[in-house]
Amino acid sequence: MVDNPPFSESDWGATKVAQAGAELAAAAVQPVAFGQLGAGLKNDTSRNLDLLLDVEIPIAVEVGRAQMSLEDVLKLVPGSVIALDKKAEEPVDLRVNGKLVARGEVVLVDDCYGLRITQIVDAQGRIESLR
């Protein structure tokens, strides 16, 4: 049993705090080196894009929309016709991940439907499509 410890508990805590403060102060003085602004930006950007090039995202062509009651939807049978809100001569919307990106016209490509893009939506148009 020790009657007189070399230091009290409060001294022990103060010593640890002082040591930690000294270590932090020494670490904070380390010099930092930055590369030249804009250096390698083009290569880094293309490398980052290269990582995403094989990611598949949903693309949809929206011919038009309609709003129906659930009762009318349940009455649909083969041969039913639904009137859409777009006219036949209006361009259809190309949506990437649900967001409007372009507009175009529907074409046939080897017995399959295709889309000939006639307009790319600008940034302001994409913002409007989100509202």
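The values are calculated or read from the model by the stated rules, or taken from the named source; none is laboratory data. Note that the coordinates shown come from a computational prediction; the quantities given were computed from them, not determined experimentally. Reconstructed Cβ throughout: ideal geometry from the backbone, glycine too, with neighbour counts over all protein chains shown.
When the range 74-89 is filtered for residues that are of a type outside the set (G, A, S) and in contact (Cβ under 8 Å) with a residue 12 or more places away in the chain, the ones remaining, listed by number, are I82, L84, D85, K86. Condition (residue is touching a strand residue (DSSP E or B) at 6+ places or on another chain (Cβ under 9 Å), in a helix (DSSP H, G or I) and at pLDDT below 90) applied to the range 115-125: is it met by at least one residue? Taking every residue of the range 115-125 in turn, at least one turns out to be touching a strand residue (DSSP E or B) at 6+ places or on another chain (Cβ under 9 Å), in a helix (DSSP H, G or I) and at pLDDT below 90.
Condition first: out of contact with any Asp or Glu (no Cβ under 9 Å at 6 or more places or on another chain) and either at pLDDT 95 or above or not hydrophobic (A, V, I, L, M, F, W, C) (or both). Now tell me which residues in the range 58-72 satisfy that.
Residues of the range 58-72 that are out of contact with any Asp or Glu (no Cβ under 9 Å at 6 or more places or on another chain), as a first pass: 58-59, 68-72.
Correct list: P58, M68, S69, L70, E71, D72.
Taken over the range 65-106, the residue count meeting the criterion of being among the charged types (D, E, K, R), in a loop (DSSP other than H, G, I, E, B) and within 34 Å of the chain's Cα centre (by Cα) is 6.
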